[in-house]
Structure formats: structure tokens, C-alpha cells
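The values are calculated or read from the model by the stated rules, or taken from the named source; none is laboratory data. Just so we're clear, the structure is a prediction, and the values are computed from it rather than from any experiment. Here the Cβ is made from the backbone with ideal geometry for all residues, glycine too, and neighbour counts use every protein chain on show. Note: areas computed on protein heavy atoms with side chains; ligands, DNA, RNA excluded. Shrake-Rupley method; radii C 1.70, N 1.55, O 1.52, S 1.80 Å.
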Amino acid sequence: MSRESDWQPTASWTALRERAGLLSYLRQFFAARDVLEVETPLLARHGVSDLHLDCIMAHPGPASDFSGGTVYLQTSPEYHMKRLLAAGSGAIYQVFRAFRDGERGVRHNPEFSLLEWYRPDFDDRALMDEVGELVCGWLGVDAPARLTYREVFLQHVGLDPFTLPLDELRDAVSGRAGNPVFADNFDRDTCLDFLMTHAVEPALVGEGAVFIHDYPASQAALARTRDAGGCAVAHRFELYLDGLELCNGYWELTDAAEQARRFEADNALRRAHGKPEMAADDYLLEALRHGLPACSGVALGLDRLLMCKLGTRDIRDVVAFPIERS
Amino acid sequence: MASYSTNEFRGGLKVLLDGDPCVILENEFVKPGKGQAFNRVKLRNLMSNRVWERTFKSGESLEAADVMDQEMEYLYTDGEFWHFMATDGSFEQHPADEKAVGDTMKWLKEQDVYTVTLYNGTPLSVTPPNFVELEVVDTDPGMKGDTAQGGSKPATLSTGAVVNVPLFIVIGEVLKVDTRSGEYVSRVKTN
């Protein structure tokens, strides 16, 4: 498979210089706002419990107080950064290398660069403002539009993601997949994920920067939820730039008991899908019980931000060595 | 039979879809950060030659299609089948029907080697080499001195193919022809 030139980087020097420039831009951005740069483990005893995120595992031997055994390359630094917040860090950010098993495509590499930051006393709306300043300031594009999850579905798919009966939702998905039985056993969120990637994202190409917020509560992950006119919505937002998903943010859940319930719910889903369970991170639960300050947090994909800057649709143009060339 | 999961899909892989052998042309991985991953796949149905677009949930799999390409020498036709023989030393013979031979028919020359695609052991299609060398059996008389540019004329080759050739080409000459475009490339020196 390999060719003689495969030792070469896939990204241009222009792209690699932009990457270096982005890192210095980010450090100035946060220094000016008095947000502290931190580092947390890439290898840790627990991984994420999300059904659709798979960790890459490593198996270090015993070393001093560490007894050895399976550890997980982190899919994001969320758990550890929350422990720092609970310990009194105040506003913090981190440039992190995240790992997600099995994700490779024009917008994915199993190892990628993530910027994650947390703002005590910010709600999701205030953090959206800051994300907009950071992203649009660097790209030199107009401030993002804001649409709710419901609005973006009504506008681009022509259906209400909260109220449409499941069988009609499945029909809409199967129709678009070109296979009449495709979605027969999909649950609501799987249908919505399909429509997001196959209908909404393509429709956002050419629309510039757009925030989508107020996700269905079933997709809250670690965000607080609330009732909005009879529908349970999550204080969760994402930023899309020309249809490319750039970030995911929450007004963070701080309730330890609710966090424990979500770990359990994730594991119930993992069992139902035949995936190995992920033990609840007792250190995170302990930190929440101690008290996580009210805060919002967001993770932003830096490789994708570079793709926007350089006008490419392929991640290989912005990383030196994608996994097949590593 | 083996099967392939979506994360093994790549261009050129042969799989069974709706009972037909297909070759994967493109495989696009799409996934909302926190959501279900899908693979948007383009495939060519090797029976109908049509291109299909299908979406799969990541992790789903398709059965492998027993499709393989083999180099074979063209032997002869009995009018119903075109007979090929494997060049791998097995001397195995395979009759290909008119549908399998298709457009390649006009490039078939005895003892030349072609790529025969077998599905469950039966020829599904026959692909000629990119360049073939064939003799001119009919064309208008050559025009002496006209070796530069200016005009072309049709010439019929030994296999029945008709190609446009420069005016100086005469009957009996052997030409190199590009089978993908059906265009004349050059004259071939014969001793």
C-alpha cells in the first residue's frame, strides 16, 4: 500500500505555519482574559461513558503506587478539568490531544487536537459569545447566527425533531438513505443524528458560522436540562462553520446524583448495544459532591478550525501525519 | 464467506448488496461529535454497472463478494461464448457470454491477454489492456507525403474495431490503439 513518498507530511507548510500561529493566537486570547492554561492526563483510569465514543486502551504495567492495568486515552479532558474546577482553579483552558477509536474520514482522525475551556459563572449564552469572538476573530468572518435545534430542523429538514412521531421520523430517514427498511429499528436520537449529518449539515454549507443550541434533553450528555414549552431541552450548543461541526459546549451539570444517574443510563445503553461498560469515574463524582462551581465549558476541534482557515474539506491537509502515515 | 465491516470499506473492495456483487467506489465517514456514526458509500453494481449510493450505520457489515480479477488469454469464439484461458499455469478455461464480453468484443485478438473478472467462478466482465496492437484490414488508400497534420480517416482493424487514423496509414500496417478512448496512438514497426 505504501508509496515511496508516504514518509512526507500530508499538510502543506502553509498549513503547518497556520497551526503554529493558531496556538499562539489562542494563548494570547486566554492570557488577555486571565484564563489559566492547564495540562491533564492523556492516559487515565476511566474513559468516557458516551455510547458513541470509543476509547483507545493502553495496558501499562505496575509502577510504584499505580497497580497497572487498563487505562484509556482520553476522548476529551473534561473529567479532569472538572476536578480542577472543583478544587478551585477558576477559569481554565487546555490544548489537548484527544483520541477516538475508529474515527477516520475526511473530517476525522483517531488522534486530533482539541481546545477545551471552562468559565465559572458563564451560562451557555455567555460562553457562545466568547466562542464566537475566538473563532470568528481568528477566521475573520461574521459573528455566528443562532438557531435552536428545533428551528434548524424545521428550516432544513421540514420536520419537528421534538414532536414528530417516531414512525414518521424513521420513514423520513429511510427515504433519504435509499433503503426502505434502513431505520426500522432506529431510536429517536439515531434518526436525528442521521438527519443532522445527511440533511442539516449539507444545508449549512455556505451559511457561514451558525450556533445550534437547545438540543433535545436525550442528547444532553453532561449539560443541564430545562423545560422549554413542554419539551425537555439541554443547555448544549454546537458551532457549525459552513456545515462543519467545530465545537460542543454545555452549561455544565453540577449535580453529583444526576451525574451518577447519567453514567448509569449510558451504561444501560452500552449494554443494549453490546458494548463494554465504562465504570463511573469515582474521582469525578467525588469532585461533584465536593462542589463544582456553576460554569460552562466547551471543546473546540482545532484541526477543523484550521480546515476552515485554509478552505479545505480534508483533515489530511492540516495534520502533518494522519494515522495511516503515522 | 467473509464479511467486511464499514470501517474496512475502501475503494476497490467487492461486496454483496441486495444479492448483487458491487465494488466500493467511495466511503465517507460522517458522525456528529456525540452521536451515531454513519458511512455514506458509493458502490458500482457489477451486474448492471449502475452506481448506487447507500448509507450504513457504522459497524454494520456486508458479505464479501467472490469477485476476482484474473489474467486470461483469449482463445476463440464459438458464436455464443468467447473462450478464455488462465495464464497462471492452470490452463483453466472460462467461457464468457456476450454480456460479459460487452464492448471489449471489438478489441479481442486471439492469444492476447485480458483481465477477466470472475464472480463465483463465472466471467462477469472482460477488460482489455489499455493499449492493443492491431492490423489495419481496410482503409482508403494512403496519401504519400502527408505525414504531418491535416485530417484523418476511418480504418477497420482486424478485430472489427473502427478507429480514426492519420491519412498516411495503409492496409496491412499494425497500429497501437488506446482501448479506453478508442483512439489511434501510433504505428508499430513490424519486421
**Q.** Checking A:VAL205 against (1) within 14 Å of chain B (Cβ to nearest Cβ); (2) open to solvent by 10 Å² or more (accessible area, probe 1.4 Å); (3) over 23 Å from B:GLU28 (Cα atoms), the condition it does not meet
**A.** (3)
Q | Count of region B:102-120 residues which are assigned to a strand (DSSP E or B) and closer than 16 Å to B:ALA65 by Cα | A | 4
Q) Do we find a residue being assigned to a helix (DSSP H, G or I), surrounded by 10 or more Cβ atoms within 10 Å (Cβ to Cβ) and touching a Lys or Arg at 6+ places or on another chain (Cβ under 7 Å) anywhere in region A:7-17? A) no
Q.
I'm checking my understanding of the structure. Among residues of region B:50-81 that are open to solvent by 80 Å² or more (accessible area, probe 1.4 Å) and in contact (Cβ under 8 Å) with a residue 12 or more places away in the chain, which one is farthest from the other protein chains (Cβ to nearest Cβ)?
A. B:TYR76
(Q) All but one of (1) touching a helix residue (DSSP H, G or I) at 6+ places or on another chain (Cβ under 9 Å); (2) open to solvent by 10 Å² or more (accessible area, probe 1.4 Å); (3) touching a residue at least 12 places away in the same chain (Cβ under 8 Å) hold for A:ARG226; state the number of the condition that does not hold. (A) (3)
Q: Kindly indicate which of B:GLU80, B:GLU92 is under 26 Å from B:MET47 (Cα atoms) and touching a helix residue (DSSP H, G or I) at 6+ places or on another chain (Cβ under 9 Å).
A: B:GLU80
**Q.** Selection within region A:145-193 - touching a helix residue (DSSP H, G or I) at 6+ places or on another chain (Cβ under 9 Å), open to solvent by 40 Å² or more (accessible area, probe 1.4 Å), within 14 Å of chain B (Cβ to nearest Cβ) and not acidic (Asp, Glu)
**A.** A:ARG170, A:ARG176, A:PRO180, A:VAL181, A:ASN185, A:ARG188
Q: Would you mind finding the one in B:VAL23, B:VAL41, B:VAL15 that is open to solvent by less than 70 Å² (accessible area, probe 1.4 Å), part of a strand (DSSP E or B), of a type in the set (A, V, I, L, M, F, W, C) and within 14 Å of another protein chain (Cβ to nearest Cβ)?
A: B:VAL41
Q: Could you list all residues from region A:254-298 that are open to solvent by 20 Å² or more (accessible area, probe 1.4 Å) and small (Gly, Ala, Ser)?
A: A:ALA257, A:ALA260, A:ALA265, A:ALA268, A:ALA272, A:GLY274, A:ALA279, A:ALA280, A:GLY291, A:ALA294
